[in-house]
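Asks: Have a look at this one before I ask anything.
The values are calculated or read from the model by the stated rules, or taken from the named source; none is laboratory data. Remember, it's a predicted structure, so these values are computed and weren't measured experimentally. Cβ placement follows ideal geometry from the backbone for every residue including glycine, while neighbour counts extend to all protein chains displayed. Keep in mind that these areas ignore ligands, DNA and RNA; they rest on the heavy atoms of the full protein, side chains included. Shrake-Rupley method; radii C 1.70, N 1.55, O 1.52, S 1.80 Å.
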Amino acid sequence: MKGILEYIGIDRISGPLVVISGVKGVGFGEVVEIVPSDGRSRQGRILSISEDVAVVEVFEGTSGLAQPTTRVRFLGRPFEITVSKEEVLGRIFDGLGRPLDGGPVPFRGEKRNINGLPINPVARAYPQDFIQTGISAIDGMNTIVRGQKLPIFSGSGLPHNEFAAQIVRQARLLTEDEGFAVIFGAMGVCHDEAQTFRRSFEESGILKNVAMFLNLADDPTVERLMTPRIALTVAEYLAFEQGMHVLVILTDMTNYCEALREVATSKGEVPSRKGYPGYLYSDLASIYERAGHIIDRPGSITQIAILTMPDDDITHPIPDLTGYITEGQIVLDRSLAQRDIYPPINVLPSLSRLMSDGIGEGRTRKDHANLSSQIYAAYARARQVQRLASIIGEEDLSATDKLYLAFAREFHERFLQQGTDENRTIIQTLELGWELVTLLPEQELTRLKPEEIDQYGKI
Amino acid sequence: MESTAQQPSVTMISGPVVQARPAHKFSMNEMVEIGDERLVGEVIDLDEDLATIQVYEDTTGLRPGADVYAKELPLYVELGPGLMCEIFDGVQRPLEVLRGKRGDFIHRGKTGTALPRDRVWQFTPSVRPGATISPGEILGEVPESQLITHRIPVPPDVQGTLEHIVPKGDYILDDVIAVIRSSSDKIHELKLFHRWPVRKIRPYRERLVPSEPLITGQRVIDTFFPLARGGTAGIPGGFGTGKTVAQHQLSKWADADIIVYIGCGERGNEMTGVLVDLPKLLDPRTRRPLIERTILIANTSDMPVAAREASIYTGITIAEYYRDMGYDVALMADSTSRWAEALREISGRLEEMPAEEGFPAYLASRLAAFYERAGQVVSLAGKRGSVTLIGAVSPPGGDFSEPVTMHTKRFVQCFWALDKELASARYFPAINYLQSYSAYISAVEPWWTEKVGSTWKILREKTINILQEDSRLQNIVKLLGEEALPDDQKRIVEGARLLKNDFLQQSAFDPVDTYAGPEKQFLLLDVILHFIERLADVVKARIPLFRATELPVVAEIHKLKFTRRGDDPGPFKSVREQIDKEINALLHRQDSL
């Protein structure tokens, strides 16, 4: 039964899907090659199969396919890519893993199914190695640890690319002696954005440790469904077989989800929210969950996915479901960006779930947790005071409330605001935090312990 | 087409849904194995000649024509010694064993038994041959962990005369330990374990009304929205509002005998976090590691979706099994929304007509049936046990009007609404005290007034009045600022702030604050309320309120929750005395002016 089967003729073409009947001996999820009369073959995957009908999604789209003349070859294997350290790092591929840099197709390494396998929860090592990004709003208030998946929720036009590139350049993870790699997966981004990243990698001299998988805005939509999986398959190989610390950047997940919706709609599936399929959560989880640390294996995968929230709406299904899967989120804010604050991180909805285990004595500093909590509480209060001030005017505020206003100002201008190449140590960030909270009277500092105030707050 | 053996085979595959023919070889909800790899599935629909099967594993590469083997049993779990301290996936595959056999990643296919067959257990019989055995009766005991004595029951569907029982000694699971002859002369050979279908409620003798609180050590829950043993609770909250931390806190500190924790479609690292924490933490009552009373079911979001649907039932059946031995079991399901989404996904693949938001029309009845399996009962063996259900709900966009939250609200007695605004100010637990409720307040009140403090009810009501008054005043504060309020209203706002900061807020990560026993809760609330009451005197004497809130004793009140465990009322009493001393001094100074 194994081996390649070839059929001629397609029964139905609908959007990115083709239906072929009379098919025997092919399996669910296997790869298909579709060869139109011009001979340029396209790849596809079986979405459902019954005794005689196979539904195939064609990654490169169906335009130009003719029903009677197209040949369809069932390859009898799932989608696989060949990975080896030497043939992948320092290179650029398209969204399906074919070289774009003129180099050879990787062939020496191991063949791996791009869908990967779930990590057994008992095999996972709990991520708790602090990564210093040099960005105060992250290190101080939303600390990232190795093996975490922390997305950036952005909006169109916000500086998420510069911001992500700055994290890649500065993250302490990358400057240690241990092997590291950056895997960059682009789904439907414009050419310029991909170039921005490439230049940034080049400038920081890490290009030889980077592999880029680019599905650009003008590349076929359905191909995008494969790109993150290919990127993560490479990442898993480097992290868990080669013991490297891998940072995976995926951008833009919104384009990925839209491709998924397109395929689901063509199949005539019952939609759930906003036309996205009911399995969007499971599908996203099969991508985001491919991050982590495994007991007794030296490497790790840290994932930073970027997504643009449609209409800046955080309750839209894409950011919403993402937030339920990832270990927190960094939220960029348009009003901060408009006031020229970079990075425009809105700390209130931002969160790092793995923070509490990555900070404290022996990792960062023992006052870190309470200080961060105090800044959060004070900033939340300061925002309320700002709202109040816009109604009754600053003059009529109480003395304490005025201090909160000053706190908010300092927070925006000194703590949040930093240059695209400004790299602060965690101690600098914490000291800055103390300068801010000590603007407030001591009885307002309910989240801090008196001995912490004595030790760090009286500079 | 017609063959003599007529081995059923696959006709269609679409993700986790597979169809097979001929249908008459199967029965509804029967377990099946598919193909050479023996993928496990369950029959969920029979239609003329086609059987629809949901498969608990990845179906990639499966082909039409693959053989399907009927197991002649509904989806079941193995119940017996060896469950405790274990971590299973949604269809009860032991994950540690799986890792030992297949490595760090979860591969598909058969992996052996749920319970270890080679482990030796010391069995002590408690019945004699010749005895008449009723269903569910206890045959004897096995020490399962340091904390749990496993009472071996007769399966609920077996009864008769005990022909034979083994003497005290060491046995493995497959040994026959007893033989029962039924009235119809049928011989039942009983082992240390039995199988039970997960979708069938385990029978009991009598259902009791929940009357005792399940103390969770979380102040806002125990004091304001208490849960009862055998009760039900729902925790809805958008992402980042602390659902999972709340569930973890409950699984650590709830004073149940046994905790069943179901990670249903959630993050892998979170399950790892539980696995790392539980062996290190000690039970406040028994001083033993918490893991010794815990059973974990992990079906993370990247594991197959159909097994996610099953994981809830696997968990609750295990919980009922221990309930029948006379234990108080608390079950946490994180999150029931993922389970509901798994239902939706399967339903979508079956092309069923959707109801709200694509969920199948039977969502409400399934949720009701799940929460109905909670309760305090007298088991068939005459033991008093309970299953308390706590389900997390993950409403899309944090919108509580979506179907899963709405239906959950209909079936649970406690509703702990998590609030995004509180969470973003890092105010935890972010339980919104105005939206949450508990139907058990009057049921647990006698317990509190009898065991903890006779003024419990009064304290509670006073506190709630202050908080409600405060939320009304906050509307004014938002518009005009706190300064605009007269001093007696300022007192309420100030008092509510103290209650929020020093009582309601509780740090899950502080070693002392993480757990507050009932005595501490009572003492702490008493001290804070006393201060607020004394503030009234200050207002009456026309002393500016800030003079009182700047008193040194306020810092002492702040410290109490972090430094005292409540086993000794002394420190609370002395802070109370200090309040009186300082306020009296303040009033006195005013008089002498």
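Asks: Kindly report, to the nearest 10 Å², the accessible surface of B:Val575 as traced by a 1.4 Å probe over protein heavy atoms only.
Replies: Approximately 10 Å² of B:Val575 is accessible to the 1.4 Å probe.
Asks: Taking the stretch A:184-328, how much of its Cα-Cα pair set, in percent, is spaced more than 19 angstrom apart?
Replies: On the way: 5722 of 10440 pairs.
Tail of P(r) above 19 Å: 55 percent of Cα pairs.
Asks: How far is helix B:441-451 tilted, in degrees, relative to the longest principal axis of the Cα atoms in chain B, given as a value from 0 to 90 rounded to the nearest 10?
Replies: 70
Asks: Given a 1.4 angstrom probe, I'd like the percentage of the accessible area of the stretch B:451-587 that is carbon and sulfur, rounded to a whole number.
Replies: Working: 3260 of 6220 Å².
That share works out to 52 percent.
Asks: For B:Lys168, list the lysines whose Cα falls under 26 Å from its own Cα; do not include residues on the same chain fewer than 8 positions away.
Replies: B:Lys186, B:Lys191, B:Lys383
Asks: Okay, next question. Taking the Cα atoms of the stretch A:48-119 alone, what are Rg (to one decimal) and Dmax (as a whole number) in Å?
Replies: Just the Cα atoms of the stretch A:48-119 yield Rg and Dmax of 15.8, 45 Å.
Asks: A further question on this structure: Find the Rg to Rh ratio for the stretch B:435-551, where Rh is the Kirkwood radius over alpha-carbon pairs and Rg uses the same atoms. Show your work: numbers first, answer last.
Replies: On the way: Rg = 15.8 Å, Rh = 15.7 Å.
When Rh is taken as the Kirkwood radius, the ratio is 1.00.
Asks: What dipole magnitude, in Debye to the nearest 20, does the protein assembly as shown give about its Cα centre under +1 on Lys/Arg Cβ and -1 on Asp/Glu Cβ? Mind showing how you got there, number by number?
Replies: Values: 118 positive and 144 negative charges, 333 e Å.
Dipole magnitude for the protein assembly as shown comes out near 1600 debye.
Asks: Run the Debye formula on the Cα coordinates of the protein assembly as shown, all scatterers equal and no solvent, and tell me log10 I(q)/I(0) at q = 0.05, 0.06, 0.07 1/Å.
Replies: Taken in order of the listed q values, log10 I(q)/I(0) reads -0.35, -0.50, -0.67.
Asks: Return the loop-located trypsin sites (Lys or Arg not before Pro) in the stretch A:1-74 (DSSP other than H, G, I, E, B) with at most 13 other Cβ atoms within 10 Å of their own Cβ; answer none if there are none. Walk me through the numbers before you get to the answer.
Replies: Working: sites: A:Lys2, A:Arg12, A:Lys24, A:Arg40, A:Arg42, A:Arg45, A:Arg71, A:Arg73; in loops: A:Lys2, A:Lys24, A:Arg40.
Passing sites in the stretch A:1-74 are A:Lys2, A:Arg40.
Asks: OK, next. Using a 1.4 Å probe over the heavy atoms of the protein chains, calculate the carbon and sulfur portion of the accessible area of the stretch A:333-459 as a whole percent. Present the calculation step by step, with values, prior to reporting the outcome.
Replies: Numbers: 2520 of 5660 Å².
Solvent-exposed carbon and sulfur of the stretch A:333-459 make up 45 percent of the total.
Asks: Under the Kirkwood approximation applied to all pairs of distinct alpha-carbon atoms, what is the hydrodynamic radius of the stretch B:36-77 in Å? Can you show the working numbers first?
Replies: Numbers: mean 1/r = 0.0863 Å⁻¹.
This gives a value of 11.6 Å.
Asks: To the nearest 20 Debye, how big is the dipole of the stretch B:196-257 about its Cα centre, given +1 on the beta carbon of each Lys and Arg and -1 on that of each Asp and Glu?
Replies: 340
Asks: Exposed loop trypsin sites (Lys or Arg not before Pro) only (DSSP loop, at most 16 other Cβ atoms within 10 Å): please give the longest stretch of chain B free of them, not including the sites. All intermediate terms of the calculation are to be shown ahead of the outcome.
Replies: Details: sites that count: B:Arg38, B:Lys110, B:Arg117, B:Arg119, B:Lys168, B:Lys186, B:Arg199, B:Lys200, B:Arg205, B:Lys280, B:Arg285, B:Arg287, B:Arg542, B:Arg565.
Formally, the longest exposed-site-free interval is B:288-541.
Asks: Once the Cα atoms of helix B:268-277 and of chain B are each reduced to a long axis, what angle between those two axes, in degrees from 0 to 90 to the nearest 10, is obtained?
Replies: Helix B:268-277 sits at roughly 70 degrees to that axis.
Asks: Please say if the stretch B:544-589 is rounded, prolate or oblate, where rounded means a/c under 1.5 for a ≥ b ≥ c the square roots of the C-alpha gyration tensor eigenvalues, and otherwise the choice is prolate for a/b larger than b/c and oblate otherwise? It would help to have the intermediate numbers written out before the result.
Replies: Working: a/c = 4.63, a/b = 1.88, b/c = 2.45.
Oblate, because a/c is 1.5 or more while a/b does not exceed b/c.
Asks: Which semi-axes, in whole Å and largest first, does the equivalent ellipsoid of the stretch A:322-366 have when worked out from the alpha carbon gyration tensor as the square roots of 5 times its eigenvalues?
Replies: Largest first, the stretch A:322-366 gives 25, 16, 6 Å.
Asks: Here is a further query. Place +1 on the Cβ of every Lys and Arg and -1 on the Cβ of every Asp and Glu in the protein assembly as shown, take the dipole about the Cα centre, and give the residue among A:Phe184, A:Gln338, A:Ile138 whose Cα lies farthest towards its positive end.
Replies: Farthest towards the positive end: A:Ile138.
Asks: Please report the buried accessible area for the interface of B with A, total over both chains, probe 1.4 Å, in Å² to the nearest 100. Intermediate values should be presented prior to the final figure.
Replies: Numbers: alone 25570 and 19400 Å², together 38780 Å².
Approximately 6200 Å², summed over both chains.
Asks: Right, something else. At 20 °C and a viscosity of 1.002 mPa s, what translational diffusion coefficient does Stokes-Einstein give for the stretch B:232-335, taking Rh as the Kirkwood radius over Cα pairs? Give it in µm²/s as a whole number.
Replies: Working: Rh = 14.0 Å.
After rounding, the answer is 153 µm²/s.
Asks: Could you work out [θ]222 nm for chain A from helices alone, using -39500 (n - 2.57) per DSSP H run of at least four and dividing by all its residues? Round to the nearest 500 deg cm²/dmol. Working shown, then result.
Replies: Details: 14 runs with 139 residues, N = 459.
After summing the helix terms and dividing by the residues of chain A, the value is -9000 deg cm²/dmol.
Asks: If you don't mind, another one. What percentage of all Cα-Cα pairs in the stretch A:1-132 are separated by more than 24 Å? Before the final figure, lay out the partial values.
Replies: Details: 3782 of 8646 pairs.
More than 24 Å apart: 44 percent of the Cα pairs in the stretch A:1-132.
Asks: Here is a further query. Dimensions of the stretch B:27-113 along principal axes (Cα, Å, largest first)?
Replies: Over the stretch B:27-113, Cα extents along the principal axes are 44, 29, 15 Å.
Asks: Before anything else, pin down the relative contact order of chain B: Cα pairs under 8 Å, at least 6 apart, normalised by residue count, whole percent.
Replies: It comes to 13 percent, rounded to a whole number.
Asks: Also: Relative contact order of the stretch B:253-374: what whole-number percent is it, with Cα pairs under 8 angstrom and at least 6 residues apart?
Replies: Working: 168 pairs, mean separation 38.2, N = 122.
Computed over the stretch B:253-374, the figure is 31 percent.
Asks: Per residue, how much accessible area does the protein assembly as shown show when a 1.4 Å probe rolls over the protein heavy atoms, in square angstrom? Walk me through the intermediate numbers first.
Replies: Working: 38780 Å² over 1052 residues.
Ligands and nucleic acids excluded, the figure is 37 Å² per residue.
Asks: Right, something else. Pick out, from A:Gly116, A:Gly243, A:Ser350, the residue whose Cα sits farthest towards the positive end of the charge dipole of chain A, with +1 on the Cβ of Lys and Arg and -1 on the Cβ of Asp and Glu.
Replies: About the Cα centre, the residue reaching furthest to the positive side is A:Gly116.
Asks: State, in angstrom, two size descriptors of chain A derived from its alpha carbons: Rg to one decimal place and Dmax to the nearest whole number.
Replies: 24.8, 83
Asks: Rounded, prolate or oblate: pick one for the stretch A:363-459, where a ≥ b ≥ c are the square roots of the eigenvalues of its C-alpha gyration tensor, a/c under 1.5 means rounded, and failing that, prolate if a/b is larger than b/c, else oblate. It would help to have the intermediate numbers written out before the result.
Replies: Values: a/c = 2.49, a/b = 1.40, b/c = 1.78.
Taking the square roots of the gyration eigenvalues as a ≥ b ≥ c, the stretch A:363-459 is oblate.
Asks: OK, next. Count the DSSP beta bridges whose two residues both fall in chain B, then state the antiparallel fraction as a percent rounded to the nearest 5. Spell out each step's value before the answer.
Replies: Values: 63 of 90 bridges.
If I count the DSSP bridges inside chain B, around 70 percent turn out antiparallel.
Asks: Among B:Leu434, B:Phe370, B:Ile262, whose Cα sits farthest toward the positive end of the charge dipole of chain B (+1 at Cβ of Lys/Arg, -1 at Cβ of Asp/Glu, about the Cα centre)?
Replies: Of the listed residues, the answer is B:Leu434.
Asks: Still on this structure, please answer the following. Within the stretch B:10-75, report the GluC sites (Glu not before Pro) that DSSP leaves as loop and that have at most 11 other Cβ atoms within 10 Å.
Replies: Values: sites: B:Glu30, B:Glu33, B:Glu37, B:Glu42, B:Glu48, B:Glu57, B:Glu72; in loops: B:Glu37, B:Glu48, B:Glu57.
Filter output for the stretch B:10-75: B:Glu48.
Asks: Between 0 and 90 degrees, rounded to the nearest ten: what's the tilt of helix A:227-236 against the longest Cα principal axis of chain A?
Replies: With both axes taken from Cα atoms, the answer is about 70 degrees.
Asks: Rg(Cα) of the stretch A:139-227 divided by 2.2 N^0.38 Å? Please list the in-between numbers first.
Replies: Values: Rg = 14.0 Å, N = 89, 2.2 N^0.38 = 12.1 Å.
Normalised by 2.2 N^0.38 Å, the Cα Rg of the stretch A:139-227 equals 1.15.
Asks: Moving on to the next point. Can you give the relative contact order of chain A as a percent, counting alpha carbon pairs under 8 Å and 6+ residues apart? All intermediate terms of the calculation are to be shown ahead of the outcome.
Replies: Details: 937 pairs, mean separation 75.3, N = 459.
Contact order relative to length: 16 percent.
Asks: Over the Cα atoms of chain B, each weighted equally, I'd like the Debye log10 I(q)/I(0) at q = 0.08 Å⁻¹, rounded to two decimals.
Replies: Treating every Cα as an identical point scatterer, log10 I(q)/I(0) equals -0.63.
Asks: Still on this structure: What is the calculated FRET efficiency for B:Arg205 to B:Glu421, with r their C-beta to C-beta distance and R₀ = 41 Å, to the nearest 0.05? List each step's numbers first, then the result.
Replies: Details: r = 47 Å, r/R0 = 1.15.
In this case the efficiency is close to 0.30.
Asks: What is the local net charge at B:Ser184, summed over the other residues whose Cβ is closer than 15 Å to its Cβ (Lys, Arg +1; Asp, Glu -1)? Write out the running numbers ahead of the final one.
Replies: On the way: positive: B:Arg181, B:Lys186; negative: B:Asp157, B:Glu163, B:Asp185.
Around B:Ser184, the charge tally is -1.
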